[in-house]
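The next block holds one structure in the form of structure tokens; read it before the comments.
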Amino acid sequence: FGATFFVFADYERPAIRMRALQKLPVVSEFTHDSIFVGEDGPTHQPIEHLMSYRAIPNLLVLRPADANEASMAIKVAFEQKNRPSLVLLTRQGVPVLDRNVYPCYTNFDKGAYIMVDCDNPDIVIFATGSEVWVALDAQKMLSEKYNVKVVNMTCWELFLEQDQKYIDDVLKVSESTLHVSIEAGITSGWEKFTGRNGLNIGIDTFGESAPGTDVANHFGIVPDKVYKKIIEKIEN
């Protein structure tokens, strides 16, 4: 087990790759996992890191949405016998999701689960980690006009290991559904779930130096700006 800022994972990358190759169940806890690092600036704000570690075979990349999911992420990581895990945590505080409203956090170990469901969704939003609450707030705003489904993508690798029926149930939408991803990192790779005509909301430049909330607002990783981007996509 080891821990540091996520941006420093690249100093450890050869070792992480060798753990995956050798099937060693090492757990790496990486905090400060996005632009919300804030004033430390672009050097300390991971942008491309999430996708680059998802590209390593036999490695779990776990990104919990709140404190309860963080406990599940640790449980999943320490249960592994033949592969390493990265547990990615935020710097900023995030709301603890009300599980009387949303499904139980124990669904975390499925790799993805539906937070908000509906028949024949006009929009489906995929989100991870500290962006899940953003997706849920945007869903509330959009629901005045549209049917919106929200999927919490806790770990791509675990999700794609589920049986095909479960995968199909989570991804099931109508033919005209707009697919949207929200993640505080590069958008390249999300096409796997959003397709060629989807909307991928993220950060495809280096970060900025300012308080975390200001940086998030600058890059549009806040509910009202997500709402506007989705409406613009639909109308255009």
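The values are calculated or read from the model by the stated rules, or taken from the named source; none is laboratory data. Values in this document were obtained by computation on a predicted structure and should not be read as measured data. Note that we place each Cβ from the backbone using ideal geometry, even for glycine, and neighbour counts take in every protein chain shown. Just the protein is used for accessible areas: all its heavy atoms, side chains included, with ligands, DNA and RNA removed. Shrake-Rupley method; radii C 1.70, N 1.55, O 1.52, S 1.80 Å.
With labels modelled as points extended 7 Å from the Cα through the Cβ direction, what inter-label distance (nm, one decimal) is found for ASN217 paired with VAL101? Computed distance between label sites ASN217 and VAL101 equals 2.3 nm. One quarter of the convex hull surface built on the alpha carbon atoms of the range 1-132 amounts to 8.9 nm², the projected area averaged over directions. Heavy-atom accessible area for MET115, with the other protein chains in place and a 1.4 Å probe, reaches approximately 10 Å². Proximity of backbone amide H atoms, modeled 1.01 Å from N, is registered between VAL151 and MET115, ILE125, PHE126, ALA127 at under 5 Å, excluding neighbours fewer than 5 places apart on the same chain. Both numbers refer to the Cα atoms of the range 120-228; Rg and Dmax are 14.1, 45 Å. Using a Gaussian network model of the chain in which every pair of alpha carbons under 10 angstrom is joined by a spring, one finds that among GLY129, GLY38, GLY195 the greatest mean-square fluctuation is at GLY195.
Bridge orientation summary for the range 49-165: considering DSSP beta bridges with both residues in this region, about 25 percent are antiparallel. Potential lengthening of the chain between ASP169 and LYS23 amounts to 49.5 nm, from the contour at 0.36 nm per residue minus the alpha-carbon distance. The phi-based Karplus calculation (6.51 cos²θ - 1.76 cosθ + 1.60; θ = phi - 60°) puts the 3J(HN,Hα) values of the range 22-37 at 8, 6, 9, x, 7, 10, 10, 9, 10, 9, 6, 8, 7, 4, 5, 3 Hz, whole numbers, x for Gly and Pro. Simple spin-label estimate for ARG54 and SER176 gives 2.9 nm between the two label positions (7 Å along the Cα-to-Cβ direction from each Cα). Can you give the angle from 0 to 90° between the axis of helix 223-235 and the longest principal axis of the chain, with both taken from C-alpha atoms, to the nearest 10? Approximately 60 degrees, to the nearest 10.
Its residue count N sets the reference 2.2 N^0.38 Å, and the alpha-carbon radius of gyration of the range 105-178 equals 1.07 times that reference.
Dipole check for the chain: with +1 at the C-beta of Lys and Arg, -1 at the C-beta of Asp and Glu, and the Cα centre as origin, the magnitude is about 600 Debye.
Peptides 160-168, 120-128 ranked from most to least packed, by the mean per-residue count of other Cβ atoms within 10 Å: 120-128, 160-168. Rounded, prolate or oblate: which fits the range 26-78, taking a ≥ b ≥ c as square roots of the Cα gyration tensor eigenvalues, rounded meaning a/c under 1.5, else prolate when a/b beats b/c? Taking the square roots of the gyration eigenvalues as a ≥ b ≥ c, the range 26-78 is oblate. Shape of the range 149-189 from its Cα gyration tensor (a ≥ b ≥ c, root eigenvalues): rounded if a/c is under 1.5, otherwise prolate when a/b > b/c, or oblate? Since a/c reaches 1.5 but b/c is at least a/b, the shape of the range 149-189 is classed as oblate. Approximating the spin labels as points 7 Å out from Cα along Cα→Cβ, the ARG13-to-GLU208 distance works out to 2.7 nm. Each 5 Å bin from 0 upward holds the following percent of the Cα-Cα pairs of the range 1-48: 5, 21, 26, 21, 14, 8, 4, 1. Rg/Rh for the chain stands at 0.95; both radii use Cα atoms, and Rh follows the Kirkwood definition.
Go through the range 26-113 and name the trypsin sites (Lys or Arg not before Pro) that are in a DSSP coil and have 15 or fewer other Cβ atoms within 10 Å of their Cβ. For trypsin sites (Lys or Arg not before Pro) across the range 26-113 that sit outside H, G, I, E and B with at most 15 neighbouring Cβ atoms in 10 Å, the list reads LYS81, ARG99. Of the residues ASP169, ASP214, ASP66, the one that moves most in a GNM of the chain with alpha-carbon contacts below 10 Å is ASP169. Projecting the Cα atoms of ASN147, VAL96, LEU60 onto the charge dipole of the chain, computed from C-beta unit charges around the Cα centre, puts LEU60 farthest toward the positive end.
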